[in-house]
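The values are calculated or read from the model by the stated rules, or taken from the named source; none is laboratory data. This structure is a prediction, so every number in the text was calculated from the model and none was measured. Reconstructed Cβ throughout: ideal geometry from the backbone, glycine too, with neighbour counts over all protein chains shown.
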Amino acid sequence: MIFNGKQRIWSEYQKEIPDDHYFYVRSCIRQNFFPASEKTFLDIVQNRLGLDFFETEHHTTCGGIAYHSDSIPQETLMTIVARQFALMTDAGYKNYVASCITSFGIYTETLETWRHYPELETKVRESLWKATKREFNKPEYLAHASDVIYKLRDRIATASVNRLVNKKTGEPLKVVEHIGCHYSKMFPSKGVGGAEYPYVLTGMIEAWGGEIIDYPERRHCCGFGFRQYLVKANRGYSLSNTHKKFESMKPFKPDMIITNCPGCPYFLDRWQYVISEMEGKTYGENSQGIPVFTYEEVAGLVLGYDPWDLGLQIHQTGVEPLLDKMGIIYNKADKYKL
Amino acid sequence: MNKQVLVIGGGPAGLEAAGQLENLGYKAYIVEKSDKLGGHLLKWDRLFPESISAAETLQKLLEPVGHITTFLDCTVVSVSKTGEHFSVQLSNDATLNVSAIIVSAGFSLFPAEKKEEYGYNIYNRVITSADLEDFFKTGSDSRIQNPKSVGFVHCVGSRDEKACNRQCSKVCCITAVKQACEIKEQYPDADIYCFYMDLRMYGRGYEDLYLEAQSKYGIRFIRGRVSEVAEDETGKLVIKAEDTLSSKPLKITLDLLVLMVGMIKNADNENLSSLLNTRLGDDGFFQSASPILRSTEGEIAGIFFAGASTGPKTLPESINEAKASALAIHGYLSKQK
């Protein structure tokens, strides 16, 4: 592989990411799947780094799941988005950051649609006023939470107590980075690094000492999607996509997977159990599976957070072998204590 | 009458035009921005459809122009028209006073790295058709190591809205067929695949070469686009494509992938068109006075065109157009006192 070829592409897909003063909106489902990820994100930015990240209990889902399942039309979605922007405006913020990749895709799609069809924006403003008597400004900057951690990666590296390195051998951990489809596949210029070779997670892994793995099915969807997953009868299709990815990454012997989407780590983590039950096949060293993390969890590990405070006990694929590899000290007895 | 004519561009069209003008009794000057005459023809090995040597063809184009005043490593800096004459300043500070100008600035090759999904300059074994032609000429490219399976991707940067090039580059299909046969000659055990959108075999002998590629060389032609290229753990390329004729997606592992990069406007066209006060089309190529009856003449009197400066062309078309352009200049200047 010609690394500076990728570097050239990354330099062309740079995006401006403010490092402070954000209005933060959560994901519908992340707190269920990976309960401490959002909490860790806020703890890092607010308490560890002293930045201004604001959230309000009055915000809602972005409507993405309903929209992508064809349950609500685009105008309804855009009005929900407009209300979110109104909350941001009322709170006095101009930078908007979404925890969920699908949300990021929804907000990007909405803003781009309004740019091309301003009459639709006018109609949505009228709808919002009629429904809620609210008005809004559009965000000056829209980021995904992984963009923010990417922007802060060097500060996190400086404050780190653990590295993505095998403590015994000194070798960098081999890391698979999986980017949610809604991050840059729809609007490549809105993602750090573009669509083909995104850099947002690669940059974090590099800064924290790991080694990136590029494997043939790197770009492939994990299979979460919406229609294929929400309809139970279609779940085999979702599973087959994850299976394809694991078969493809297997020869590269990854130590861990890091993702930036709510659904992707869920599938990549949980489906390993299903594959082992259905096919008797496991991945990773000693057939212990390949642990899957959100980027907030990895940032937390690197900064020395207790693994159980990061919610890692909820993971289906055990994380302890990796923690041991990294030389992280943890108390096994505390794993399920409340 | 001022019988001096400036030829901008020392590629095949410019060389032919200059030679014809001298035959007709005019004094031609050639201005060439690189350090050699010959344009893209310098880089090719064999020419379709009959595998004629590119080097020998170039030599025949160069012989008649040996005595012609040539400015290498040189560009046009300014052009001013007074009456029927042009005063042209060159980057070497020379000033030429000419009665006519031929624009034979040619084309550029599409930069393959722009089609990021194909991994040019990222994955080691992805090369362009120009790289392969260089390999045939020199016998040396570290990326080509006894390949057992080779793929050709047609229409890279051509017929592509996303790449901002809607035009068909005309020569890529026949070049792919030619190169597929050539690489099969070199590596008889290799499996060769061509991934095409349409096969444009319009020229004389092209269809025969296409049939020979299939029957004699066993080249497999797959109608469908390549969606992405990746590298496996051994460094081989994993290609995903669509086979539209069997309506199936396919995945194939290859040792080498050749991107058929298209002809796009020369990077200097904007500057030249501004200097010469001529129009460019939406595709960035020069606009002639009329595409049917006056395709070698510019809209401004005294400006003429030859070769790929007005759009993708084959080599014989460029050379014929150069002859036509020289004759058109002769007709134009004969009317002057």
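Numerical summary
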| read-out | value |
| --- | --- |
| Condition met for residue A:147 (within 17 Å of the chain's Cα centre (by Cα) and either away from every other protein chain (no Cβ under 14 Å) or polar (S, T, N, Q) (or both)) | yes |
| Given (1) within 20 Å of the chain's Cα centre (by Cα); (2) within 14 Å of another protein chain (Cβ to nearest Cβ), number of the condition residue B:262 does not satisfy | (2) |
| Failed criterion for residue A:184 (all others in (1) more than 20 Å from residue A:291 (Cα to Cα); (2) within 14 Å of another protein chain (Cβ to nearest Cβ); (3) in contact with a helix residue (DSSP H, G or I) (Cβ under 6 Å, 6 or more places away or on another chain) hold) | (3) |
| Which numbered condition residue A:260 misses (of (1) without any contact (Cβ under 8 Å) to a residue 60 or more places away in the chain; (2) touching a Leu at 6+ places or on another chain (Cβ under 7 Å); (3) not β-branched (Val, Ile, Thr)) | (1) |
| Unmet criterion (only one of (1) touching a residue at least 40 places away in the same chain (Cβ under 8 Å); (2) in a loop (DSSP other than H, G, I, E, B); (3) touching a Pro at 6+ places or on another chain (Cβ under 7 Å)) for residue B:235 | (3) |
| The stretch B:118-164, subset of a type in the set (D, E, K, R) and closer than 20 Å to residue B:44 by Cα, residue nearest to the other protein chains (Cβ to nearest Cβ) | B:143 |
| Members of the stretch A:86-109 that are under 18 Å from residue A:58 (Cβ atoms) and touching a strand residue (DSSP E or B) at 6+ places or on another chain (Cβ under 7 Å) | A:88, A:91, A:93, A:96, A:97, A:98, A:99, A:103, A:107 |
| Residues of the stretch A:69-90 satisfying the condition of being farther than 20 Å from residue A:118 by Cβ and touching a helix residue (DSSP H, G or I) at 6+ places or on another chain (Cβ under 7 Å) | A:69, A:72 |
| Single condition residue B:31 does not satisfy, out of (1) touching a Cys at 6+ places or on another chain (Cβ under 9 Å); (2) without any contact (Cβ under 8 Å) to a residue 40 or more places away in the chain | (2) |
| Tally of residues being among the β-branched types (Val, Ile, Thr) and either surrounded by fewer than 14 Cβ atoms within 10 Å (Cβ to Cβ) or within 14 Å of another protein chain (Cβ to nearest Cβ) (or both) across the stretch A:5-28 | 1 |
| Whichever residue in the stretch A:169-206 is surrounded by fewer than 20 Cβ atoms within 10 Å (Cβ to Cβ) and part of a helix (DSSP H, G or I) and, among such residues, is modelled with the highest pLDDT | A:206 |
| Helices (runs of 4 or more DSSP H) wholly inside the stretch A:214-327 containing at least 2 residues that are farther than 24 Å from residue A:159 by Cβ | A:227-230, A:235-249, A:263-279, A:320-326 |
| Extreme residue, surrounded by the fewest Cβ atoms within 10 Å (Cβ to Cβ), among residues of the stretch B:63-117 that are within 14 Å of chain A (Cβ to nearest Cβ) and without any contact (Cβ under 8 Å) to a residue 24 or more places away in the chain | B:113 |
| Contacts under 8 angstrom Cβ, first residue in the stretch A:305-316 being surrounded by 15 or more Cβ atoms within 10 Å (Cβ to Cβ), partner assigned to a loop (DSSP other than H, G, I, E, B) and of a type in the set (Lys, Arg), 6 or more apart | A:308/A:335; A:308/A:337; A:313/A:335 |
| First in the stretch B:159-174 and under 27 Å from residue B:50 (Cβ atoms), second anywhere and among the basic types (Lys, Arg), Cβ under 7 Å, 6 or more apart | B:159/B:166; B:168/B:159; B:168/B:200; B:170/B:313; B:173/B:200 |
| Given (1) closer than 25 Å to residue B:159 by Cβ; (2) in the same structural domain as residue B:231 (by TED's automatic domain parsing); (3) touching a residue at least 40 places away in the same chain (Cβ under 8 Å), number of the condition residue B:253 does not satisfy | (1) |
| Single unsatisfied condition, residue A:31 versus (1) modelled with pLDDT under 95; (2) loosely packed, with under 15 Cβ neighbours inside 10 Å; (3) part of a helix (DSSP H, G or I) | (2) |
| Count of the stretch A:1-28 residues which are among the aromatic types (Phe, Trp, Tyr), touching a residue at least 60 places away in the same chain (Cβ under 8 Å) and assigned to a helix (DSSP H, G or I) | 1 |
| Residues being part of a loop (DSSP other than H, G, I, E, B), more than 14 Å from residue B:149 (Cβ to Cβ) and among the hydrophobic types (A, V, I, L, M, F, W, C) - total across the stretch B:178-230 | 3 |
| Hey, residue A:227 charged (D, E, K, R), surrounded by fewer than 19 Cβ atoms within 10 Å (Cβ to Cβ), more than 12 Å from chain B (Cβ to nearest Cβ) and touching a Phe, Trp or Tyr at 6+ places or on another chain (Cβ under 9 Å) or not | no |
| Residue within the stretch A:150-159 that is over 20 Å from the mean Cα position of the chain (by Cα) and more than 14 Å from chain B (Cβ to nearest Cβ) present | yes |
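Residues checked against (1) outside the structural domain of residue B:88 (by TED's automatic domain parsing); (2) assigned to a helix (DSSP H, G or I); (3) polar (S, T, N, Q):
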residue	(1), (2), (3)
B:20	no, yes, yes
B:25	no, no, no
B:29	no, no, no
B:36	no, no, no
B:42	no, yes, no
B:49	no, no, no
B:55	no, yes, no
B:61	no, yes, no
B:64	no, yes, no
